[in-house]
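Heads up, the thing below is written out as structure tokens.
The values are calculated or read from the model by the stated rules, or taken from the named source; none is laboratory data. This is a predicted model, so every value here is computed, not measured. Cβ placement follows ideal geometry from the backbone for every residue including glycine, while neighbour counts extend to all protein chains displayed. The accessibility values were calculated without ligands, DNA or RNA, using every heavy atom of the protein model including side chains. Shrake-Rupley method; radii C 1.70, N 1.55, O 1.52, S 1.80 Å.
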Amino acid sequence: MSEAFFTIQDLWVRYVTDHETVYAVNGLSLSLKRGQTLGLVGETGAGKTTTALSIMRLLPPRVSRVDQGNILFNGVSLMDLSEEEMRRVRGEKIAMIYQDPMTSLNPVMTVGDQVQEVLELHKKQSRRALYKRVDELFAMVGIPPDRKKEYPHQFSGGMKQRIVIAMALACEPELLIADEPTTALDVTIQAQVLQMIAKLKDELDTSMLLITHDLGVVAQTCDMVAIMYAGKIIESGTVHDIFHNKDHHPYTEGLFGSIPKLTVESRRLSPIEGLMPDPTNLPDGCAFAGRCPACMPICMAQEPDYCQRASHAIKCHLFTGENRGEAV
Amino acid sequence: MTSKTANWEFSEELFEEYKKKSQIAEVWRRLKKSKTAMLGLFVLTTIILLALFADLIRNYQSMAIEQNIMNRLQSPNSTHWFGTDAQGRDLFARVIHGARISLLLGFSCTAISVFVGLILGSVAGYFGGKIDGVIMRILDSIMSIPAILLSLAIVAVLGQSIPNLIIAMTVAYVPGFARIVRASVLTVIGNEYIEAAKASGLGTFRIISKYVLPNAFGPIIVEITMSVASVIKAVAGLSFIGLGIIPPTPEWGAMLSESREFMRYNPYLVLYPGLAIVLTSLSLNLLGDGLRDALDPRLKD
Ligand SMILES: Nc1ncnc2c1ncn2[C@@H]1O[C@H](COP(=O)(O)OP(=O)(O)OP(=O)(O)O)[C@@H](O)[C@H]1O
Ligand SMILES: [Mg+2]
């Protein structure tokens, strides 16, 4: 239970196009223990999807370059697997849920056939067992199995996302990657779908990498949190560390500042000033320096190390070296 | 959620029901709803049956091949339903016997070029990059030669025979199909369901055949239905310059070009073979449209 079964070590990914080179992931490391949910939080363009696709080895082939790094899954490096072996990992050991349920189902196949196909591919079993399992999966996500002969357009967005979840969980994967699984749904449905994912993953003892930019979602569903900025993890820890500890990376502070608090009376939201640095031309020092309210000279020149306090890690000069202790 | 899901029981009846269901039956059920598609199917079946049983209806040797100068250029009448041609042969006999070769050429060339075009076009579109570049440049260079010249050159090299004619026409038709398939594939592969299929561990062949092509089928079907008639017309062109069907073998396109001298005063000579080509093409078109709609579940009911 306590050993990390999944780790990403120092991952670097670039996109190289004719015009420019985008540095999407720049030395990202994270790890996940069995049964846990890790929330990967960051604003748009931080490299969250790129990280997810690197794990699945589904980065767009011609433009992407994985320069460095290793991804270990149960002690095996996914980078070393052949394409054939990797195909057996996808869907069976590691499954992925995409952001938009409206378009992540094949419009010309019945939803039942789509769920069945994943099962057929990975688990040899009799016709009878197969059909039965498909029905069970539909019932599990709360869709009457007699609707499995219908096509995707006959379902609402929330139902489609539940079918996608049924597909992802069909083979009881060890790791589920959910890339903003509820962003495209309306708020009431969001909560339902998230609850369902959380419940099913517990039942099946699946670990989850939940990608989101919603801290509320993280608080509800995650055990661990990693905050991502310009392709790096700038702060990570348990949900308790992130939501209750005193010290934070200024970016995290900013993220919390940008959501309205019910307990504190404030007239205005205080979103973080400025934009993420241009990923084609990242600054030398700390990537957040340009927007940081607590920026010091050293921040522009040198990239900070992680300051590790038990499970809580912060990558900021405020907490390293001689500044240690002078927290904001 | 609903009580229906809470205590769902998998039963023997359900198993039997699931076993029965078939994709083809479903498409057929939807196709039947389209009156125009059924009309197309009916006309096409009639033409095919006439071609198959032509020998029982009119004798090939005596009616369609042997010249009979006494009877030349008769207008349609009760013995010669479609009239007779300049050699005194019964036009009706020649039309139904000609259907054999015309349909054989039209369908086989189309089928082979569609097959090859599907493979080349979907591989080029799906993989992109170098593979795409190589395939498309080769096809482009074939396309840059006028189709009739290309077929002519191939027939001239291989010799004049029906199989060689099929090869020649196919080579000329593949690039067009491959282009259309590639273009349709490109509109489909950006969709998230293709990514999702990869993420479920599906192999390339399955993704192309079950996820990409079925979603790209609309424009391809239209192209297929147009191409049968276009092949028949192209064969007519080759026959005209003496490299297509060897006379006196009846073939619709060849019949059209044979009657060019007489068509001013005997328009029925071009009317009937022309009508045969039009009807075949029209019925295929109607059927193709219906099939496209029947294959798209979003248009269901
Ligand atoms: N195929 C691609 N070619 C070139 N650049 C790309 C490609 N895909 C992503 N990028 C760039 O890589 C960076 C990281 O993108 P990524 O999709 O990983 O962000 P994200 O964190 O998932 O954002 P979002 O929250 O909007 O989904 C962005 O700057 C993006 O423009
Ligand atoms: Mg993303």
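Before moving on, here are some points about what is shown:
- Qualifying residue in region A:158-181 (condition: over 28 Å from B:Glu13 (Cβ atoms), more than 13 Å from chain B (Cβ to nearest Cβ), of a type outside the set (A, V, I, L, M, F, W, C) and open to solvent by less than 40 Å² (accessible area, probe 1.4 Å)): no
- Whenever a residue of region A:205-220 is within 14 Å of chain B (Cβ to nearest Cβ), its partners that are part of a helix (DSSP H, G or I) and within 16 Å of ligand 1 (Cβ to nearest atom), lying with C-beta atoms within less than 9 angstrom and at least six residues away or across chains, give the pairs A:Leu209/A:Thr51; A:Leu209/A:Ala52; A:Leu209/A:Ile55; A:Ile211/A:Lys48; A:Ile211/A:Thr49; A:Ile211/A:Thr51; A:Ile211/A:Ala52.
- For region A:1-20, filtered to residues that are among the hydroxyl-bearing types (Ser, Thr, Tyr) and more than 9 Å from ligand 1 (Cβ to nearest atom), the residue that is farthest from the other protein chains (Cβ to nearest Cβ) is A:Ser2.
- Residues (facing chain A (nearest Cβ under 9 Å) and touching a residue at least 60 places away in the same chain (Cβ under 8 Å)) located in region B:197-216: B:Pro214
- Being open to solvent by 10 Å² or more (accessible area, probe 1.4 Å) and of a type in the set (A, V, I, L, M, F, W, C) is a description that does not apply to B:Ala216.
- Top-ranked residue in region A:111-133 [being touching an Asp or Glu at 6+ places or on another chain (Cβ under 9 Å) and more than 8 Å from every other protein chain (Cβ to nearest Cβ); ranked as modelled with the lowest pLDDT]: A:Lys123
- Considering only residues in region A:65-104 that are open to solvent by less than 20 Å² (accessible area, probe 1.4 Å) and free of Cβ contacts under 8 Å to residues at least 60 places away in the same chain, the one that is farthest from the other protein chains (Cβ to nearest Cβ) turns out to be A:Ser77.
- Note on region A:32-119: enclosed strands (runs of 3 or more DSSP E) holding 2 or more residues that are within 16 Å of ligand 2 (Cβ to nearest atom) are A:37-41, A:94-97.
- Conditions (1) in contact with a helix residue (DSSP H, G or I) (Cβ under 6 Å, 6 or more places away or on another chain); (2) assigned to a helix (DSSP H, G or I); (3) open to solvent by 90 Å² or more (accessible area, probe 1.4 Å); number of the one not met by B:Thr36: (3)
- Condition check for A:Val13: among the hydrophobic types (A, V, I, L, M, F, W, C) and open to solvent by 40 Å² or more (accessible area, probe 1.4 Å): no
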